[in-house]
Amino acid sequence: MLYAILCYHSEDITTSWTKEQDDAVLARLKVVEDKLAAEGRMGPVVRLLPTTAATTLRKTKPEPLVIDGPFAETKEQLLGFYMVECRDLEQALDTARELAKANDTGGAYEVRPVGIFRPGSPR
Amino acid sequence: MTDVSWIEQTLGGARPQAVAALLRYFHDLDVAEEAFQEASLRALRNWARNGTPRDPVGWLVMVGRNAGIDATRRVKRERPLEDPSVLSTEEDSESVMADTLDAADYRDDVLRLLFICCHPELPATQQIALALRIVLGLSVPRIARAFLVSESAMEQRITRAKARIGGAGVPFQPPTAVERAERLAAVASMVYLLFNEGYSSPNGDDERASLCDDAIRLARLLLRLFHTDPELMGLTALLLLQHSRVDARRAADGSVILLEEQDRSRWNPRMINEGLALIDKAFRHGTLGPYQLQAAIAAVHARAKTPAETDWRRMEALYALLEREMPSPVVTLNRAVAVGKVQGAEAALTLVETLAERLDGYFHFHGVRGHFLKQLGRAREAREAFTRAIALAGSPAEAAHIRGLLDSLA
């Protein structure tokens, strides 16, 4: 089954990383990503821009309401996600554990099975 | 990278909000800073063992508050110190903290902390130094290096600035809407000054240049707290869009490369995307302001893949709006450049000539004027204008650029 591994962390902290620190985190994650790719389990990876760049469209009636900011004001924000092919929840959690070991800076991973997956081809 | 350095990084990220909240409790900057220090020391021990708590700011405020109360009691000798083990139990009750420390409180706390750094009696450079020290927690040696002064001089400067704001009444009541807007405006202009300190650094990669990153950090922090404020979106976008060109604006020898001649593949696409997203968001509010307009102008450049693709009509319209929001002969001079691209050199020169009196001592005025005279085939006058410009040039690179134009006249 395909699992989404959603990455959460406090933006107060992640946006205070220097470029070198950010690069170091990405380099360590890359090792895990390469391993997953070699196993043929790696799907798309998305890193979102900060929630300050987010806009939310509330499905209000009669007209949807467009408001500034992310969907939820939380202490930790959704920063991006991985899509990984996993046999079962145990393997998905193992993968999340590996990512957590590579990026040991705090935050959380939400592991969630994928319902519909259309990779698309945006240009 | 070791665990400790990541904990330190987390402490740095949590610092503005934690110190700001502690200042609200103690009404004393020194006590607040010391309480944060103490909480940080305990965090280094506790987090290395138990991992980073879910809400680092809440943890630090709670532990710092207890430490600060202890310190105050110790000074007053009212009662003996509490057993430290009593304190450590509170470090675990995160859910309690989450309830007591609402995000809404932090907004005005952080704004207050930044605002007291902007005390009008302090010169701009001291406001900036104070914000770097107090809000971002930069070390005095680092700030000293960024401002190219000795450590002892910077230490003195910060101590004196602190004494000055300590004496002035710090406003602790919740601000009214008008006061909040005034504070935001003062703080935003301080952040912009900080950015420009870094941007004007003669080398592209030293400590001084890293002030740009600090300014962006503060702008993002403000925007996260006041995420519906279009001028803060504009400010953050402006800083990101200008900073996106940092790797392209210096030649190997350190000289400035003009925007039109920069290698645009070296512009940072992530910063550009974030800047463009923010300016789009800001414009939806329909309340224009100087930061939004300057960001929108930077965005016109950022959207153009080559200089020839620049939307000069939009540029001209934006400068006209900026001129109305923030009248200044320099803005008019910039509008003249856009007018030159859209309507031609004749119309542009007419506009430029209206500025002759006010900008007579300004390098760019004579450079731009010479450029349009040259385009109109008035070589003798162009030569005179370029010669004036060279005399007023602020750097060898500026002079060299004009000399190149002079040579092309021959």
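In this simple spin-label model, placing a label point 7 Å from the Cα along the Cα-to-Cβ direction at both B:Glu182 and B:Val4 gives a separation of 4.7 nm.
For B:Thr228 and B:Asp253, the FRET efficiency from 1/(1 + (r/R0)^6), where r spans their Cβ atoms and R0 equals 51 Å, is about 0.70.
Distance from the Cα centre of segment B:1-36 to that of segment A:6-31, in angstrom? Distance between centres, Cα-based: 21 Å. Rounded, prolate or oblate: pick one for chain A, where a ≥ b ≥ c are the square roots of the eigenvalues of its C-alpha gyration tensor, a/c under 1.5 means rounded, and failing that, prolate if a/b is larger than b/c, else oblate. Because a/c hits 1.5 or more and a/b fails to exceed b/c, chain A counts as oblate.
Calculate how steeply helix B:177-199 sits against the longest principal axis of the alpha-carbon atoms of chain B, using the helix alpha-carbon long axis, and give the answer as 0 to 90 degrees to the nearest 10. The helix B:177-199 is inclined about 60 degrees to chain B. Mean partner shielding of peptide A:45-53, defined as the number of other chain Cβ atoms within 10 Å of each residue Cβ, is 5. Averaged over the residues of B:219-229, the number of partner chain Cβ atoms lying within 10 Å of the residue Cβ comes to 4. Relative to the Cα centre, what is the charge dipole magnitude of segment A:54-95, using +1 at the beta carbon of each Lys and Arg, -1 at the beta carbon of each Asp and Glu, and rounding to the nearest 20 debye? Rounded to the nearest 20 debye, it is 340 debye. For the peptide A:13-22, the mean number of other protein chain Cβ atoms found within 10 angstrom of a residue's Cβ is 5.
Here the spin labels are modelled as points 7 Å beyond Cα on the Cα-Cβ line, and at B:Leu376 and A:Val31 they lie 6.7 nm apart. Peptides B:350-358, B:242-250 ranked from most to least packed give B:242-250, B:350-358, packing being the mean of other C-beta atoms within 10 angstrom over each peptide's residues. Simple spin-label estimate for B:Val342 and B:Trp312 gives 1.1 nm between the two label positions (7 Å along the Cα-to-Cβ direction from each Cα). What's the exposure ranking of A:Lys35, A:Lys19, going from fewest to most Cβ atoms within 10 Å? Fewest to most other Cβ atoms nearby, the residues stand as A:Lys19, A:Lys35.
When the protein assembly as shown is described by a simple charge dipole with +1 on each Lys and Arg Cβ and -1 on each Asp and Glu Cβ, the residue from A:Pro70, A:Asn103, A:Gln91 located farthest towards its positive end is A:Pro70. Summing charges over all other residues whose Cβ lies under 9 Å from the Cβ of A:Glu85, with Lys and Arg as +1 and Asp and Glu as -1, gives +1. For segment A:116-123, backbone phi angles converted through the Karplus equation (6.51, -1.76, 1.60; θ = phi - 60°) give residue-by-residue couplings of 10, 10, 10, x, x, 8, x, 10 Hz, Gly and Pro being listed as x. Placing unit charges on each Cβ (+1 for Lys and Arg, -1 for Asp and Glu) gives chain B a dipole about its Cα centre, and among B:Ala209, B:His364, B:Gln9 the Cα reaching farthest toward its positive end belongs to B:His364. Helix A:89-102 axis versus longest C-alpha principal axis of chain A: approximately 90°, rounded to the nearest ten. Ordered by the number of other Cβ atoms lying within 10 Å of each residue's own Cβ, fewest first, B:Ile257, B:Ile279 fall into the sequence B:Ile257, B:Ile279. Estimated at 0.36 nm per residue, the fully extended path between B:Ser265 and B:Thr72 surpasses their Cα-Cα distance by 63.8 nm.
No lab work stands behind these numbers, since they all come straight from the coordinates. Just so we're clear, the structure is a prediction, and the values are computed from it rather than from any experiment. Neighbour counts are summed over all protein chains in view; Cβ atoms, including those assigned to glycine, are modelled from backbone coordinates with ideal geometry.
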